[in-house]
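> Below you'll find the structure I mean.
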Amino acid sequence: MTKRPPRTVRTARAVLAALLTAAAMAGAAPAPDPAGAVPASAPADATVHVLPAARGGGHERTQAALDTAVKAGVPGALARARDSHGTWNGSAGVADLYTKRPRLPGDRFRAGSITKPLIATVILQLEAEHRLSLDDTVEKWLPGMVQGHGNDGRRITLRHLLQQTSGLFDYTEDPGVLKNLTTTAFLEHRYDRWTPRRIVRTATAHPPNFAPGTRYAYTPTGYVLAALIMEKATGRSYEEEVERRIIAPLGLHSTRLPRHERTVPAPAGRSYSWFTDDPDRRMHDVTDFDPSLIRATGDLISSPEDLDRFLTALLQGGLLPPAQQRELKTTVPTGEDSGAAYGLGLFRFTLCGTEVWGHTGLFVGTQSVAFVSADTRHSLVFNFNTDTLSDTDAAGDVFKAEFCPGSK
C-alpha cells in the first residue's frame, strides 16, 4: 500500500498563507490597503507530463514547481498561465492513480472557495438592479435565522458577509464537521445531505468571533447566508442565478454548480486524500461526495480556462456597472504582513510588483488557486488533486514561480 508522511491539515487560510509567504519572500511591496483506498500497486512517484504551450515560453520555473509538488506528494498538478506571449498549459503527475493518464488542459475539478467571487458578483448585480442593498441586514431577508449564542442578524449586513467581516463562526471548524472532513469519518459521511439552514444552525451554535464590521476573519458561513438572500431576492435558486448571469453569458462550458450531483463530469481526473486517524496513511479516492455541505461556498466545478475567463471578465468590468465594480474592489486588510486584503469575494495583494486579484479554493481532495493581474494581462490558475501535503509550501512556490520568474 502507498505510505505517506504524517498529514498536514490544510485549510483555505493555510493555502492563502502559503501564497502570502511566497509574496513576502519575493520582496512584495504591500498593496495599498488591498484578500475507496488506492491499492498497493499505485505508484508512489508519478510520471511527469508536460503539456505543449500554445506559443511563447518563459514558464520553465512554473513547470519545475509543478514537478516539485508531485515529488512532495501531490498525485497530479495542472496549471494554465496567460501572458503577453500567449497561453501556456503545464502539468505534472497523473489525473488518476489507476489509469495513470496525465492531467489535461480541459480537465474539470472541484474549485472550492473560488465559488465565492461568483456569489459576490451576482449579489452586486442585484444591488445594481435595486433589488437589494449591501447595507441590508441578514435579519431583513432571513428573519430569525441568525440569532442565539451572541449572534445577531440585525447587526450583520450583506457587505459584512461578502467581505468576511461578519464575525460569524466558520461552520467547517465545528468539531463534528471538522472530524468528518479530516478523519476516516469522511468515508462514512461523504454522501450526507446538508441543508443551508442546518449549516447556519451549526455555525450559530457557537458565539461569534467578534462584533460585525470590526475586523476581517475568513468564514464560509457568510456565503451560505448570502446565497439564501440571493434566493429570497430573486425567487430562484442560487445555482439558476449564477448560471444565467455568469456561466451562460461567458460561455463557461466546463463550469457547473452540482447541486446534489456526487461526481465530477468528464473530462476529469480523480481526487485524493489521506486522514489523520489512519495509521497506514493510505491515499483514498475522495472524488465523489454530496456537495451540499459546501453549497454556495465551495461547490463550484470548473476548468483552468473557465476560471481565467471569469476572473478576467470580472476585473475588466464586464460583469458589473462602475459603482458596483468599486464596491467589489473596496478592501479590508487581512492582517497579513504581506499587505493582503479582501474585497467582496476577492483577495488582493502585490507580488514582485504585480498587483493580483483572485481566490484560493480547498476542500477534501482538491486545492486550487486562480489569480489575474490588475491589468488582466497575466493570469495563473492551477489545481492539485489532493488537499494534503507533507511539509511544503507547494502552492506558494508555483505562484511565486509564475509571477516572480527572476526571483530565487
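> Would you mind ranking HIS253, HIS359 by Cβ crowding within 10 Å, fewest neighbours first?
Working: HIS253 12, HIS359 26.
Fewest-to-most ranking of HIS253, HIS359: HIS253, HIS359.
> So how strong a dipole does segment 281-367 carry about its Cα centre when Lys and Arg Cβ are +1 and Asp and Glu Cβ are -1, to the nearest 20 debye?
Working: 7 positive and 11 negative charges, 33 e Å.
Here segment 281-367 has a charge dipole of around 160 debye.
> From the phi angles alone, apply the Karplus equation (6.51, -1.76, 1.60; θ = phi - 60°) to segment 295-301 and give each ³J(HN,Hα) in whole Hz, x where the residue is Gly or Pro.
4, 6, 10, x, 8, 4, 10
> Spelling out what I want: for every residue of segment 108-115, take phi, set θ = phi - 60°, compute 6.51 cos²θ - 1.76 cosθ + 1.60 (Karplus), and round to whole Hz; glycine and proline get x.
8, 7, 6, 8, x, 6, 5, 4
> If I stretch the segment between ARG101 and ALA72 completely, what's the gain in nm (0.36 nm per residue apart, minus their alpha carbon distance), one decimal?
Values: separation 29, 0.36 × 29 = 10.44 nm, distance 1.93 nm.
Using 0.36 nm per residue and subtracting the Cα-Cα distance, I get 8.5 nm.
> On to the next question. Taking only the C-alpha atoms, wrap a convex hull around segment 12-403 and report its volume per residue in Å³ as a whole number. Mind dumping the intermediate values first?
Working: hull volume 48.4 nm³, N = 392.
Here the figure is 123 Å³ per residue.
> Testing the spin-label approximation: label points 7 Å from Cα along Cα→Cβ at ASP375 and GLU240. State their distance in nm.
If labels sit at ASP375 and GLU240, their model points lie 4.3 nm apart.
> Which FRET efficiency value, to the nearest 0.05, do you get for GLN147 and ALA323 by plugging their Cβ-Cβ distance into 1/(1 + (r/R0)^6) with R0 = 35 Å?
On the way: r = 32 Å, r/R0 = 0.92.
Working from the Cβ atoms, E equals 0.65.
> What number, in percent, do you get for the relative contact order of segment 72-158 if the mean sequence gap of Cα pairs under 8 Å and at least 6 apart is divided by its residue count?
17 percent
> Moving on. Would you mind computing, in nm to one decimal, how far apart the modelled labels at ASP192 and ASP136 are, each placed 7 Å from Cα along Cα→Cβ?
Simple spin-label model gives 3.1 nm for this pair.
> Further question on the same structure: In debye, nearest 20: dipole of segment 12-403 around its Cα centre with unit charges on the Cβ of K, R (+) and D, E (-)? Before the final figure, lay out the partial values.
Numbers: 41 positive and 44 negative charges, 127 e Å.
Dipole size: approximately 600 debye.
> Going by C-beta contacts inside 10 Å, put PHE169, PHE349, PHE384 in order with the fewest on the left.
Numbers: PHE169 22, PHE349 29, PHE384 35.
By the 10 Å Cβ count, ascending: PHE169, PHE349, PHE384.
Since every read-out is calculated from the coordinates, none of them should be taken as a lab result. Keep in mind that what you see is a predicted model, and the values were worked out from it rather than measured. Counting neighbours? That spans all protein chains shown, and the Cβs are built from the backbone with ideal geometry, glycine included.
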